[in-house]
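What follows is a short report on a single structure.
The values are calculated or read from the model by the stated rules, or taken from the named source; none is laboratory data. Since the structure is predicted, the reported quantities are computational estimates derived from the model, not experimental observations. Neighbour counts are summed over all protein chains in view; Cβ atoms, including those assigned to glycine, are modelled from backbone coordinates with ideal geometry. These area figures cover heavy atoms from the full protein model, side chains too; ligands, DNA and RNA do not enter into them. Shrake-Rupley method; radii C 1.70, N 1.55, O 1.52, S 1.80 Å.
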Amino acid sequence: MALIVQKYGGTSMGSPERIRSVAKRVARYRAQGHDIVVVVSAMSGETNRLIALAREIQAQPDPRELDVVISTGEQITIGLLAMALKEIGVDARSYTGTQVKILTDTAHTKARIQHIDETAMRADLAAGRVVVVAGFQGVDADGNITTLGRGGSDTTGVALAAALKADECQIYTDVDGVYTTDPRVVPEARRLKTVTFEEMLEMASLGSKVLQIRSVEFAGKYKVKLRVLSSFQEEGDGTLITFEEDEAMEKAIISGIAFNRDEARINVIGVPDKPGIAYQILGPVADANVDVDVIIQNVGQDGHTDFSFTVPRGDYQRALGILESVQSHIGAKSISGNDKICKVSVVGVGMRSHVGIASTMFRTLAEEGINIQMISTSEIKISVVLDEKYLELAVRVLHKAFGLDQEI
């Protein structure tokens, strides 16, 4: 019998009926003899409601007090789930992040976990209880409530699994696993039985919303077996995120197509081609906490060069304003941009041992008349920046070109 950590998101906890459904699922696992720790999010929409409430009182809510407010969402769901379990004869005990003592740093609203005290949880498991823990929250060394940022319940689940050395961490969500791409864009998309941590990390960072990237990083670091499952299906194996490439993965050169609409491009034209110019351009942007993704610097001519990079679309106007304010200092002839772009990426560990992936990708896009604006590569991914209007077409033709609609 195994020790399993299960994490249920906001949709799974969205109503009394769904909470009862989660309780029944947990009871089935418990009846099989497994020790179960359950991590839950707040009810769907509750965190947004609490943030809005805080902003009605204070336009820029104090971070410490905001954590006090928004952590209550999970406090409600742990209590309700423990009650639902008791109602069907399963002994359970709920814990807030403070009660478990999920110790974090002091960065309110985006804290990072430093240590977990598993003593009380182990005692409850030994006594035959199901342990229900509030996701998304912890406590700092001074006893202040902290929260882990958006999607933090995934991180809580993985962190508890690491601390308890659980056999598996199951993430229950509204999809039944990780797909080759978004089925809403490509109906032929397949659910992957397995995917490596490296591939999952790339997919999460490139726009796949199935798992929060911090939780994947945490799982990879502490070798926690992760499985993504649907909370709305009784059966199914979901997708197992593994450390090892198995033999079947040798056949699958590409595992998935990831994409992100939330992109904007900034062009800095005619800057002096000299050492330190990239820092002079990107330094002020980084100081404003704007993430920079794909970067291209052209070959210099006549002592000048052009520099382009992408930023999240929500930061586009701010980044543009920052560069316009330093334009004369960096000696740029002009600054322009485009916030109607997207990024499409092919991901797969099979790239390491197969050549021709890039040429297949570029030929496929060229045949559809899709112009590539920027290219970025790593050992297991190739990303291209395109005009936003081509996003869905690009994803569909690449999905077909790499045979992702075919069962392996």
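Counting the residues of the stretch 310-344 that are in contact with a helix residue (DSSP H, G or I) (Cβ under 7 Å, 6 or more places away or on another chain) and under 25 Å from G256 (Cβ atoms) gives 5. In the stretch 339-354, the residues that are touching a residue at least 60 places away in the same chain (Cβ under 8 Å) reach residues that are of a type in the set (S, T, Y) and part of a strand (DSSP E or B) with C-beta atoms within less than 8 angstrom, at least six apart or across chains, in these pairs: I341/T310; K343/T310; K343/S383; V344/S383; S345/S383; V349/T196.
With respect to (1) closer than 28 Å to P284 by Cβ; (2) modelled with pLDDT of 95 or more, the lone exception for Y390 is condition (1). Against the definition (touching a residue at least 12 places away in the same chain (Cβ under 8 Å), open to solvent by 60 Å² or more (accessible area, probe 1.4 Å), closer than 27 Å to A23 by Cβ and of a type in the set (A, V, I, L, M, F, W, C)), how does A120 come out, yes or no? For A120, the condition - touching a residue at least 12 places away in the same chain (Cβ under 8 Å), open to solvent by 60 Å² or more (accessible area, probe 1.4 Å), closer than 27 Å to A23 by Cβ and of a type in the set (A, V, I, L, M, F, W, C) - is not met. Within the option set E74, E46, E65, being out of contact with any strand residue (DSSP E or B) (no Cβ under 8 Å at 6 or more places or on another chain), of a type in the set (D, E) and open to solvent by less than 50 Å² (accessible area, probe 1.4 Å) holds for one residue only, E46. For the stretch 215-227, the set of residues classified as closer than 17 Å to G177 by Cβ and surrounded by fewer than 23 Cβ atoms within 10 Å (Cβ to Cβ) consists of K225, R227, listed by residue number.
Right, A82: over 26 Å from the mean Cα position of the chain (by Cα), under 20 Å from V5 (Cβ atoms), open to solvent by 10 Å² or more (accessible area, probe 1.4 Å) and not aromatic (F, W, Y) or not? Answer is no for this residue. Annotation note: Cβ proximity below 6 Å between a residue of the stretch 221-250 that is of a type outside the set (D, E, K, R) and a residue that is at pLDDT 90 or above and open to solvent by 20 Å² or more (accessible area, probe 1.4 Å) (sequence gap 6+ or interchain) occurs for Y222/A162; V224/A162; G238/R227; L240/R227.
Regarding R93, is this residue crowded, with 17+ Cβ neighbours inside 10 Å and at pLDDT 95 or above? So R93 fits the description; yes.
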